[in-house]
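Undergrad: The structure that follows is given in the form of structure tokens.
What follows draws every value from the coordinates through simple rules; no lab data is involved. What you see is a predicted model; the values in this text were computed from it and never measured. We place every Cβ from the backbone using ideal geometry, glycine too, and count neighbours over all the protein chains shown.
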Ligand SMILES: *Cc1c(COP(=O)(O)O)cnc(C)c1O
């Protein structure tokens, strides 16, 4: 009998994260100091991050054990279920086998709690009692608010203005966990005030909110540290618990993926699921097709420039090697707020550059179409971000229908869409706009990217 719901015995939950850096086909391009263009020293990062995370950022160890206190919180919602999407397969009439790792069961509704808990923990043991961060759609702010509540820390969240106005309940959720939520750009930081003076009607952006959160921490005299929800090595590392569990679950039913799919904002949920499988490709040459999915409105991996660029609009971060649309990119208002970021994690950029992985860009209407098909078959309403992954899952499954191939497809169900029903409303009433980024914006990005020998 087909097993639909593949659960991992809690006593078998992996107790280590997988660090892909030692397995990369090329040396990891280090973050550079924006002034000297030399690799940053760990001490340069100490203003923003605690020692435990700085160490992980540059670690050469493949296996990093998960602290007991973090495991204790993981046990509230992990191991997450792996589902065989039999009903979706039937609805599509595909011979493909579709599996998804359901990260929407976490209290925050997405994968983001996996790193929020770890980041709060490493800050707490370093004696830090307050974190600052940014949030776009609100998923990351929610996750960090929960983690801070668990470790009895304060949390300040700079929330991108459009989301702050469009998603008041996300704000209330964060407040429920005790966070202070500000609309970004805000009047609390110099950078926020500067943007407000120049562009009073701005919708805000993740790049701006990151700059505000960094400024807040950097000017706190050591009292506050900053926390980032994606992009950095330590964030991707923490998310590998997803793939480590999925591997054991797939193995328990004698399955192994031919295709691994995830949506890409900063890259953390896709990396989290895919890296433990990418290890098999890098070390043993296993054939797996890794597909990262991004919006055509913010096509970082498929059309961005491979270059060193800032992670934020205010040019406060180190220079990170990545695919970028330019650090002052303001994305159009697509509903997948978590995918509206100008850059991408260096680790993913390297793997796409080296052709270990590939990327695809999608319009939002077809993504919602696929999300609705999924919801009606499997019962869970996907987040608009997750809908991007589902679009490509459906496309791959339909290709199998044509060719008769029985591929095994695995994807990350990164989060549910219960706070995104406004986006579904727009879809049902035919009000969704399908933006494709204009080439002139990408050409202009070249101008703003710092001239560093790449
Ligand atoms: C934040 C978010 C994403 C995108 O971020 P990544 O770091 O690329 O994973 C995707 N899905 C959901 C549900 C999110 O909340």
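Undergrad: Please report Rg (one decimal) and Dmax (integer) in Å for the Cα set of the chain.
TA: According to the Cα coordinates of the chain, Rg and Dmax are 20.3, 64 Å.
Undergrad: Please arrange 59, 145, 429 by how many other C-beta atoms lie within 10 Å of their C-beta, fewest to most.
TA: 429, 59, 145
Undergrad: Using a 10 Å cut-off on Cβ atoms, rank the peptides 415-421, 99-105 from the highest mean neighbour count down.
TA: Answer by packing, highest mean first, reads 99-105, 415-421.
Undergrad: Order these peptides, 147-153, 3-9, by their mean beta-carbon neighbour count within 10 angstrom, highest first. Walk me through the numbers on the way to the answer.
TA: On the way: 147-153: 20.7, 3-9: 13.9.
For the peptides 147-153, 3-9, the packing ranking is 147-153, 3-9.
Undergrad: Rounded to the nearest 500, what is the chain's calculated 222 nm mean residue ellipticity when only DSSP H runs of at least 4 contribute -39500 (n - 2.57) each, over all residues? Mind dumping the intermediate values first?
TA: Values: 18 runs with 189 residues, N = 454.
Mean residue ellipticity at 222 nm (helix-derived): -12500 deg cm²/dmol.
Undergrad: Further, regarding this structure: Suppose we keep just the alpha-carbon trace of the range 97-201; what are its Rg and Dmax in angstrom?
TA: Reported Rg and Dmax, both Å: 15.1, 54.
Undergrad: Against the longest principal axis of the chain, how steep is helix 439-448, in degrees 0 to 90 to the nearest 10, with axes from Cα atoms?
TA: Its long axis makes an angle of about 40 degrees.
Undergrad: Counting alpha carbon pairs within less than 8 Å and at least 6 residues apart, what relative contact order, in whole percent, applies to the range 1-157? The partial results should precede the final answer.
TA: Numbers: 184 pairs, mean separation 34.3, N = 157.
Taking the mean separation of contacting Cα pairs over the length of the range 1-157, I get 22 percent.
Undergrad: In addition: Using Cα atoms only, what is the angle between the long axis of helix 384-403 and the major principal axis of the chain, expressed in degrees (0 to 90) to the nearest 10?
TA: 30
Undergrad: Quick one: divide the alpha-carbon radius of gyration of the range 53-107 by 2.2 N^0.38 Å and tell me what you get.
TA: Details: Rg = 17.3 Å, N = 55, 2.2 N^0.38 = 10.1 Å.
That ratio works out to 1.71.
Undergrad: Can you tell me the relative contact order of the chain? Whole percent, Cα pairs under 8 Å, sequence separation 6 or more. Walk me through the numbers before you get to the answer.
TA: On the way: 982 pairs, mean separation 87.1, N = 454.
After rounding, I find 19 percent.
Undergrad: What is the percent of Cα-Cα separations in the range 254-297 that go past 13 Å?
TA: It works out to 54 percent of all Cα pairs.
Undergrad: What is the Cα coordinate range of the range 244-329 on the first, second and third principal axes, sorted by size from largest, in whole angstrom?
TA: Principal-axis extents of the range 244-329 (Cα, largest first): 49, 26, 21 Å.
Undergrad: Exposure proxy check: 203, 133 ranked by fewest other beta carbons within 10 Å?
TA: Details: 203 17, 133 30.
Taking fewest neighbouring Cβ atoms as first place, the list is 203, 133.
Undergrad: I'd like to know how the range 328-393 sits against the 2.2 N^0.38 Å rule of thumb: what's its Cα Rg over that expected value?
TA: That ratio works out to 1.26.
Undergrad: For the residues 160, 70, 63, 47, what sequence is obtained by ranking on other C-beta atoms within 10 Å, fewest first?
TA: Fewest-to-most Cβ neighbours within 10 Å comes out as 63, 47, 70, 160.
Undergrad: Please work out the Cα center distance from the range 128-154 to the range 160-225, rounded to the nearest Å.
TA: The two parts, judged by their Cα centres, are 13 Å apart.
Undergrad: Which number do you get for Rg(Cα) / (2.2 N^0.38 Å) in the range 322-454?
TA: Output field value: 1.20.
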